[in-house]
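First the structure, in the form of structure tokens, and then the observations on it.
The values are calculated or read from the model by the stated rules, or taken from the named source; none is laboratory data. Small disclaimer: the values here were computed from a predicted structure and weren't measured. A quick note on method: Cβ atoms are made from the backbone with ideal geometry, for glycine too, and the neighbour counts reach across all protein chains shown.
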Amino acid sequence: MARITFGIVHFLQTQQDKTKRWGLVTNDAVFTRDFVPVRQALLNHGFQLVRLFSPEHGLQVIGADGALMAHQTDALTGLPVFSLYGDNLRPPAEVLEDLDGILFDLPDIGVRFYTYIWTLSYLMEACHVARVPLVVLDRPNPLSGNLALAEGPMLDETRAASFIGRWRMPIRHSLSIGELALFWQKERFSEALDLSVYQVQHWKREQFFQDLKLPFVPSSPAISSIETLLTYPALCFLEGLNVSEGRGTTFPFRVCGAPWMNGFVLARAFNDCGLDGVKARPFSFTPSEGSYKNQVCQGIMLHVLDAPVFRPVYVGLYLVGLLKKLYPEQLQWANYPTHVNKTGARHFDLLTGTTKVRETLEDDVDQFFSQIEELTRVSDWRERTEAFLLY
């Protein structure tokens, strides 16, 4: 199989103009195939980097989930770093006016509520207004680009728009970040935004991250393993419940638990459902953060056995329904305060992108299971995006 190279490599190989002044949106999770930080690779090739921009979790990718990130100076290059998860989610015009263009190179994990794509959306708006060209250096979608695996719910912009989902799209979107940018360029800016995408070379849409023969680099503190990439879209819904999703353990987003659960009962009930490509086993853990800090939680760990048939959003919603059925008195909705949602209110609705999932669960949990298929439909997603597919 031909060696996969990222968009940064294509840019370095083909871009000859070294006179432009560039800004770069990046973090320490972003390297070339040879493990050179992207910002260093650009400088090594003679490009003029003027300013860096960092997303949630900061340049060093160590900031706590939802914590405000301050501006800083990069220890590697000495360049100023403007935080796009601080007082400004959108870079102001005065921060862009001395730039000839912005480069964007961040890892996406293919899930709507992962915030790096929404940093891109605000950047696109700012570049459009300031008339600054934007260049996306593309990377593979680690959950594959197979559009048949895309899963809703589709975001309801009138009821559930937020920094974890601004515009109408499914939870699992099956696009590369470059394809998503091209789609937004047409749908949101009528192509008026000056946008270029440098493609990944030799990536096939059906490939998951584990198929790429690449070393895994955590894209944020809680995306800590290849296994977490697969289970994150399923277990992130727990942030909107009084249930631990494993933050504060070595298995974030791979486990589900609470002091009032029985892991053996839950594992048996989950496995009896016969959900494709996944099994659960009883698991106990003591998180070092969250509402159950330093308390022993009983629950389950998910094990993905067959990634191409595993439907994480469907499984995650099914698990929430199962918890509601097994623990109707104990299970409660929970707030999840962050820098962009100070009270943390309605977090479950913002994660699902709709009020319908919560309302259906509250109305009749037994009927909920038969409605998950409909709730996770992606409607016209393939038709809306197929013109922008690069791979």
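Values as computed for the structure displayed
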item: Hits in region 70-85 - residues which are free of Cβ contacts under 8 Å to residues at least 40 places away in the same chain and assigned to a loop (DSSP other than H, G, I, E, B); result: 70, 71, 74, 75, 76, 77, 78
item: Subset of region 369-391 (residues that are under 14 Å from residue 153 (Cα atoms) and of a type in the set (A, V, I, L, M, F, W, C)); result: 372, 375, 378, 381
item: One residue from 16, 40 being assigned to a loop (DSSP other than H, G, I, E, B), assigned by TED's automatic domain parsing to the domain that holds residue 180 and either among the polar types (S, T, N, Q) or touching a Phe, Trp or Tyr at 6+ places or on another chain (Cβ under 9 Å) (or both); result: 16
item: Of all residues in region 241-298 being among the polar types (S, T, N, Q) and either on the phi > 0 side of the Ramachandran plot or in a strand (DSSP E or B) (or both), the one that is surrounded by the most Cβ atoms within 10 Å (Cβ to Cβ); result: 244
item: Within region 362-376, considering residues that are in contact with a Pro (Cβ under 8 Å, 6 or more places away or on another chain) and under 14 Å from residue 151 (Cα atoms), the one surrounded by the fewest Cβ atoms within 10 Å (Cβ to Cβ); result: 375
item: Qualifying residue in region 16-25 (condition: within 19 Å of residue 178 (Cβ to Cβ), among the β-branched types (Val, Ile, Thr), surrounded by 19 or more Cβ atoms within 10 Å (Cβ to Cβ) and touching a residue at least 24 places away in the same chain (Cβ under 8 Å)); result: yes
item: Yes/no for residue 165 being crowded, with 21+ Cβ neighbours inside 10 Å, at positive phi, touching a residue at least 40 places away in the same chain (Cβ under 8 Å) and not assigned by TED's automatic domain parsing to the domain that holds residue 339; result: yes
item: The lone exception for residue 180 - which of (1) within 19 Å of the chain's Cα centre (by Cα); (2) surrounded by fewer than 20 Cβ atoms within 10 Å (Cβ to Cβ); (3) outside any loop (DSSP other than H, G, I, E, B) it fails; result: (2)
item: Restricting region 75-103 to residues that are closer than 30 Å to residue 151 by Cα and in contact with a helix residue (DSSP H, G or I) (Cβ under 6 Å, 6 or more places away or on another chain), the residue that is surrounded by the most Cβ atoms within 10 Å (Cβ to Cβ); result: 84
item: Residues that are under 18 Å from residue 197 (Cβ atoms), of a type in the set (A, V, I, L, M) and part of a loop (DSSP other than H, G, I, E, B), drawn from region 99-145; result: 106, 132
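One line per residue, one yes/no per condition, for (1) closer than 19 Å to residue 106 by Cβ; (2) among the charged types (D, E, K, R); (3) at pLDDT below 95; (4) touching a strand residue (DSSP E or B) at 6+ places or on another chain (Cβ under 7 Å):
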| residue | (1), (2), (3), (4) |
| --- | --- |
| 127 | yes, no, no, yes |
| 138 | yes, yes, no, yes |
| 151 | no, yes, no, yes |
| 197 | yes, no, no, yes |
